[in-house]
1. Can you tell me which residue is surrounded by the most Cβ atoms within 10 Å (Cβ to Cβ) among those in the stretch 101-131 that are modelled with pLDDT of 95 or more and of a type in the set (S, T, Y)?
2. Give the number of residues within the stretch 256-286 that are over 26 Å from N117 (Cα atoms) and assigned to a loop (DSSP other than H, G, I, E, B).
3. Mind checking which strands (runs of 3 or more DSSP E) fall wholly inside the stretch 62-158 and carry at least 1 residues that are in contact with a Pro (Cβ under 6 Å, 6 or more places away or on another chain)?
4. Test of understanding: among A510, A580, A576, A562, which residue is under 30 Å from D411 (Cα atoms) and either in a loop (DSSP other than H, G, I, E, B) or not charged (D, E, K, R) (or both)?
5. Given Q264, Q234, which one is in the same structural domain as Y191 (by TED's automatic domain parsing), surrounded by fewer than 21 Cβ atoms within 10 Å (Cβ to Cβ), at pLDDT 95 or above and not hydroxyl-bearing (S, T, Y)?
6. Only one of R479, R495, R514 is buried (at least 17 other Cβ atoms within 10 Å of the Cβ), touching a residue at least 40 places away in the same chain (Cβ under 8 Å) and within 22 Å of P283 (Cβ to Cβ). Can you tell me which?
7. Could you grab me the full set of residues in the stretch 65-90 that are among the hydroxyl-bearing types (S, T, Y) and surrounded by fewer than 11 Cβ atoms within 10 Å (Cβ to Cβ)?
8. Picking from P196, P259, which residue would you name as being surrounded by 23 or more Cβ atoms within 10 Å (Cβ to Cβ) and either assigned by TED's automatic domain parsing to the domain that holds S686 or over 20 Å from L140 (Cα atoms) (or both)?
Amino acid sequence: MDARKASLASHLTMVKNFLAIKHSRRFFLALPIFVTIFLIISLQTLDVVDLRNLSQHNNVDTNGKPFLEQNNRWRPSTVARIIQVPDSTWTCTDDGLSASEKDTSKNRRSRQCVVKNLCVDRKGAFIRSNQWFPDSMPELNLNGADRTVDAYWRPRVERSGRSKALRAHYVDETLFVHGLVAPNHFSHWLYNGMLPLYSTTKKFNGTKDSWTLRTRSLINHGKQGKWEMRHVFQTGYELVLSQDELTTEFQTLPPQDAPICFRQAVIGLGSQCGLASCEYNFPSEVYLAFRDLISDYYWRTPQTWERHLAVRQEDINAAATRDRLPTADTANPSNATNQKTPLRCLDLVKYYNFEPSTGQDRLQPLKESKHRVGQLSPDTVDPEVDHAANGPRKLVVAIIQRYGSRRVINDQELSEGLAAAGYRVKWITFDNGCGLPETAYLLRDVNVLLSPHGNAIGTSIFMPSTNPVPTLLSLDASRYSESWFINTASAMGQRFMQTVCGPNRYLDDATKTRCPYYKDEAGAHKLLSIGGMTERLVLGLSDEQAKSYRDKVAKEELTPKAIKEFRNLVERNPAAQQLAKEELDVLIGPEIPSTLVTKYSDGVVWEFLELFWRDTPRYVDVPRVVAFMHELQQDQEREKAAAAPELKYQQYLTYIRQSRACGVKYCKEILQRNVIQESRVFGVHSIDDPSRWGQSMLVDKTIFDGLEVPNWLPDSLLT
């Protein structure tokens with residue numbers, strides 16, 4: 001009360017002085033000065049700052065969509081009240097650097113800041129300051145991917161009152177502010193989003209009670225992912241600013257009635273991932289801890305797994321009732337009308353040799369229920385004693401089938417061939433839906449993962465890490481390979497091989513017979529159609545028209561309008577249509593279409609060929625894969641017979657020394673970064689001691705001495 005009386009007295013004095021000079025020639029000069037002083041004093045006398053009106057943000061979210069009533073429900077237990085929130089302060093990872101060092105690309109991409117007292121409303125995050133011209137935080141990169149998708153962000157600044165009082169919700173925890181790249185894509189969500197976020201929580205001492213704020217999402221085709229994060233943030237929530245991002249019970253909009261403030265926030269993901277496009281690696285232990293966290297949360301006992309399945313089914317039934325969805329067609333998993341649910345992958349998996357059997361029965365896929373086991377491995381239903389007469393237990397092999405692009409044509413032959421050789425086989429498809437815990441559950445005992453190169457290989461994070469060293473086998477066409485998952489596999493100490501089965505580079509006549517040429521006309525037409533990924537390529541043009549086409553490509557004038565004009569030339573001419581058909585046969589044939597590369601511009605044609613050979617259906621050379629599996633079986637037996645290594649990744653390093661850890665042409669550069677150089681992920685502190693994050697933890701550093709990666713030899717192990 002005394003403060004308010006003093007403030008009123010100062011206001012009256014100011015008015016009196018103002019009236020005294022009203023008729024002076026200095027009136028117009030004094031007027032703005034007195035107005036400014038009056039506003040400053042007025043702001044200083046505020047006892048409570050109430051941002052409820054500011055947080056309404058015109059009743060629309062960041063995508064401009066009106067807030068729906070059901071999304072306004074505040075599920076966390078916090079309640080808005082008057083609290084004291086000191087002005088925000090921050091420290092950043094580059095505070096000790098010079099100005100020139102701070103301005104480097106590496107530092108800008110990887111800078112992270114810890115902010116004391118950060119608040120969030122429906123406009124976004126803000127910091128508070130009582131300064132008339134407050135400092136702004138540096139912009140921080142929220143993504144953990146390549147620089148083309150870097151997303152720089154900083155909170156806005158709100159002016160605080162003299163008493164620091166604010167009506168708000170309050171959480172005495174750390175808020176982790178991040179972005180996401182392609183959240184609908186499992187591997188991008190995991191390796192470029194979730195794992196960098198998890199690594200950041202471990203590095204900055206996050207807990208199961210921490211919260212997150214997702215401020216940026218780079219969406220593919222307007223799709224959102226529905227991946228679970230509750231196993232990491234068991235009591236916290238993820239604040240999102242768009243209603244489209246409310247995909248699980250973990251996400252929530254900021255409260256409608258008042259901001260929500262946090263004791264501190266960590267902003268940025270530090271540009272860390274297992275790929276060279278990131279500035280830093282995070283240690284291998286982060287991958288393993290994330291895997292173990294999921295298994296402990298979802299199936300540490302049979303009862304916890306059963307409870308999870310029951311809750312899942314209740315959610316599925318509720319969604320089906322709400323949306324009036326049709327009953328799933330379990331007899332035809334490739335049916336496009338199937339209802340996709342997180343449990344479908346468990347319903348559709350086929351097991352071979354997972355229970356004691358004799359004779360040809362072992363070749364029949366076991367119709368197992370998802371309720372079959374609640375343990376970490378199938379050993380309790382596949383006891384060692386039943387295999388005593390037949391030698392050591394055989395490897396567990398998973399085959400992942402894709403029904404869209406990159407389909408394995410002879411997947412049944414592959415499953416039966418491996419089963420006939422005695423291996424335990426899981427045939428899996430994720431195309432009809434699979435949640436994160438269900439995916440981890442299926443991979444929890446897999447020693448060897450077979451899959452066309454792509455998203456599904458990213459599930460290898462859930463494989464056991466030793467006994468034996470896990471192996472990934474990419475099932476590819478001979479004209480395509482890529483390095484993406486070699487990066488993540490090497491960071492987890494997993495061997496990575498590739499097998500190709502035509503349409504060229506055959507090893508012998510037997511291989512050529514087992515790998516016939518598959519003419520994928522449907523896939524080609526899809527790529528070339530309007531709206532397709534390579535719609536720029538137009539076949540059937542005359543030589544004169546093709547010259548005009550090449551000129552437009554060279555001058556970057558091949559606009560949608562120009563493409564349509566070229567297509568019209570072909571569609572109006574029967575002879576041109578016949579030529580287009582003949583050229584398509586050459587384009588997707590087994591050999592490089594050199595004449596078409598010359599005719600239509602190499603960039604446009606190769607753009608098509610790269611995507612076509614990536615996505616085309618393919619055969620697998622089954623006898624060659626079975627022979628390779630025998631070699632891996634022998635490796636497993638040698639590993640078990642040898643003395644336990646001092647370091648769990650030591651056997652992986654041995655395979656590198658033997659040139660038997662990686663069999664693809666990109667291996668040398670990737671292993672240099674992830675295993676050999678100072679940027680390596682092995683033998684460094686991380687979760688064990690966050691204060692020494694990234695520093696060497698090895699007393700004996702000679703384990704890496706002399707470790708070199710030989711040049712890639714195509715016939716070194718498997719081609």
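1. If we take residues in the stretch 101-131 being modelled with pLDDT of 95 or more and of a type in the set (S, T, Y), then S110 is surrounded by the most Cβ atoms within 10 Å (Cβ to Cβ).
2. Count: 10.
3. 113-121, 124-129
4. Details: A580 fails: under 30 Å from D411 (Cα atoms); A576 fails: under 30 Å from D411 (Cα atoms); A562 fails: under 30 Å from D411 (Cα atoms).
Going through A510, A580, A576, A562 in turn, the sole match is A510.
5. Numbers: Q234 fails: at pLDDT 95 or above.
Just a single option satisfies the conditions, and that option is Q264.
6. After applying the criteria, what remains is R495.
7. Initial filter on the stretch 65-90 (among the hydroxyl-bearing types (S, T, Y)): 77-78, 88-89.
Correct list: S77 only.
8. Only one candidate passes the filter, namely P259.
The values are calculated or read from the model by the stated rules, or taken from the named source; none is laboratory data. Being a predicted model, the structure only gives us computed values, none of them experimental. Note: ideal-geometry Cβ built from the backbone for every residue, glycine included; neighbour counts use all protein chains shown.
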